[in-house]
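Structure first, then comments.
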Amino acid sequence: MRRRLEHIVLSRPDSIGDVMLTLPMAGLLKERYPGTRITFIGRRYTAPVLERCVHVDRVLTVEDLAEGDAPAVLRSLGADALVHVFPHRSVARWARAAGIPMRIGTSHRWWHWTTCTHRVSFSRRRSDLHEAQLNTLLLRPLGPGDPPTLPELASLTGYRVPPASLVPADLLATAGRTVVLHPGSQGSAVEWGFGNYAALMRLLHAGGVRTVVTGTATEAERYRPHLPWDHARAVDAGGRLSLEQLMALIGSAQALVAASTGPLHLAAASGIRAVGLFAPRRPIHPGRWAPLGRDAHALVYDPACVACAAGRPCDCITRIAPARVAALLAAPPVR
């Protein structure tokens, strides 16, 4: 039997992709506990993502909490429970000081033994479950329930694409198909390689497809010398967009290609074709980090790669053929 819960706090001060895969958890809680309010503690730079989720009633950031009286702010919420989806020592200390009745976290962080009322034991690294499913295991102390299927979780994301009017006009297409390419990962994933993106751009341009390349200003400095800009359909958006503008641009496109990064998960939740390029090595394999969406796809070169199976560094992701990616992009959309 599930207890009555009126206000639950989810804490994941983490990167964009991790936050996107936590949004279904908020949707699941709204489904299991109708009428409950959800407050989400994230990082300041991911706040625009959280503010676009229909399941999140209030957004707090660890930076704002740290600059003020964090325990007092958390106490004022009157929350029934706080779930540490991503362990954060300061948040755990603040939640205890705030006296939130149920404080749930993994048993694999020593500070949770002094700050949490409920500790859940499971291994993310050794599990065959997807990250979004693993998150839901932390809800066990709130009541029974098996991890939802991936299609169920995809339907619970609750993400709303920002309006295209936020995007600089020269980046929006007036006609034809647009594919967003995000070559970098800021070190969070194994990358496909600029040579492959260059080859893909040429294939897409030859087929009449417009490409918009995105990334931070630093990432743009890395990719610009390697990509073909000598075509009218090649557009460089590197370093030009805020996160909210990037979200709107992705939502206005027909597809996106990226490694295991935040933009990949934004694309999947936006409902466009999201093509993720992965290595099959645990714990970075698509079984754990594949994008969730009705038209989301995860490609690997060789699922049985020996080096990846042994956990050794491997560049097999770079052998995913650009023609294979182009063929997937050309296939009819999934409705």
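The values are calculated or read from the model by the stated rules, or taken from the named source; none is laboratory data. Just so it is clear, the structure is predicted and the values come from calculations on it, not from any experiment. Virtual Cβ from ideal backbone geometry, glycine too; neighbours counted across all protein chains shown.
Overview of results
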{"quantity": "Top-ranked residue of segment 1-12 - restricted to ones that are of a type outside the set (D, E, K, R) and surrounded by fewer than 23 Cβ atoms within 10 Å (Cβ to Cβ), ranked as nearest to F86 (Cα to Cα)", "calculated": "H7"}
{"quantity": "Failed item, numbered, when G184 is tested on (1) assigned by TED's automatic domain parsing to the domain that holds V56; (2) surrounded by 17 or more Cβ atoms within 10 Å (Cβ to Cβ); (3) among the small types (G, A, S)", "calculated": "(1)"}
{"quantity": "Residue ID - nearest to A81 (Cα to Cα), chosen from residues in segment 127-141 that are touching a strand residue (DSSP E or B) at 6+ places or on another chain (Cβ under 7 Å) and assigned to a helix (DSSP H, G or I)", "calculated": "P141"}
{"quantity": "Residue in segment 325-335 that is surrounded by the fewest Cβ atoms within 10 Å (Cβ to Cβ), counting only those that are assigned to a helix (DSSP H, G or I) and touching a strand residue (DSSP E or B) at 6+ places or on another chain (Cβ under 7 Å)", "calculated": "L328"}
{"quantity": "Selected residue [assigned to a loop (DSSP other than H, G, I, E, B) and either closer than 30 Å to A310 by Cβ or aliphatic (A, V, I, L, M) (or both)] from P162, P87, P144", "calculated": "P87"}
{"quantity": "Count of segment 185-199 residues which are of a type in the set (A, V, I, L, M), more than 14 Å from G215 (Cβ to Cβ) and assigned to a loop (DSSP other than H, G, I, E, B)", "calculated": "1"}
{"quantity": "Only listed residue being in contact (Cβ under 8 Å) with a residue 12 or more places away in the chain, touching a strand residue (DSSP E or B) at 6+ places or on another chain (Cβ under 7 Å), outside any loop (DSSP other than H, G, I, E, B) and at negative phi, chosen from R202, R96", "calculated": "R96"}
{"quantity": "Test for R37: is it surrounded by fewer than 19 Cβ atoms within 10 Å (Cβ to Cβ) and either without any contact (Cβ under 8 Å) to a residue 40 or more places away in the chain or out of contact with any helix residue (DSSP H, G or I) (no Cβ under 8 Å at 6 or more places or on another chain) (or both)", "calculated": "no"}
{"quantity": "Segment 103-126, subset surrounded by fewer than 17 Cβ atoms within 10 Å (Cβ to Cβ), of a type in the set (S, T, N, Q) and not in a helix (DSSP H, G or I), residue modelled with the highest pLDDT", "calculated": "T117"}
{"quantity": "All positions within segment 128-164 that are free of Cβ contacts under 8 Å to residues at least 60 places away in the same chain and touching a helix residue (DSSP H, G or I) at 6+ places or on another chain (Cβ under 6 Å)", "calculated": "P147"}
{"quantity": "Residue within segment 187-204 that is in the same structural domain as W289 (by TED's automatic domain parsing), of a type in the set (S, T, N, Q) and under 16 Å from the mean Cα position of the chain (by Cα) present", "calculated": "yes"}
{"quantity": "Some residue of segment 315-329 being under 29 Å from L156 (Cβ atoms) and either touching a Lys or Arg at 6+ places or on another chain (Cβ under 7 Å) or free of Cβ contacts under 8 Å to residues at least 60 places away in the same chain (or both)", "calculated": "yes"}
{"quantity": "Selection status of W94, in the same structural domain as V62 (by TED's automatic domain parsing) and buried (at least 20 other Cβ atoms within 10 Å of the Cβ)", "calculated": "yes"}
{"quantity": "Lone unmet requirement of (1) more than 27 Å from P313 (Cα to Cα); (2) touching a residue at least 40 places away in the same chain (Cβ under 8 Å); (3) assigned by TED's automatic domain parsing to the domain that holds P48 for R124", "calculated": "(1)"}
{"quantity": "Qualifying residues in segment 299-324 (those that are in contact with a Leu (Cβ under 8 Å, 6 or more places away or on another chain) and not in a loop (DSSP other than H, G, I, E, B)) - the one farthest from R124 (Cα to Cα)", "calculated": "A323"}
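Listed here are the residues, each with its yes/no results for (1) out of contact with any Ser or Thr (no Cβ under 6 Å at 6 or more places or on another chain); (2) part of a helix (DSSP H, G or I); (3) among the hydrophobic types (A, V, I, L, M, F, W, C); (4) on the phi < 0 side of the Ramachandran plot.
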| site | (1), (2), (3), (4) |
| --- | --- |
| V9 | no, no, yes, yes |
| E31 | yes, yes, no, yes |
| F40 | yes, no, yes, yes |
| T46 | yes, yes, no, yes |
| V56 | yes, no, yes, yes |
| L65 | yes, yes, yes, yes |
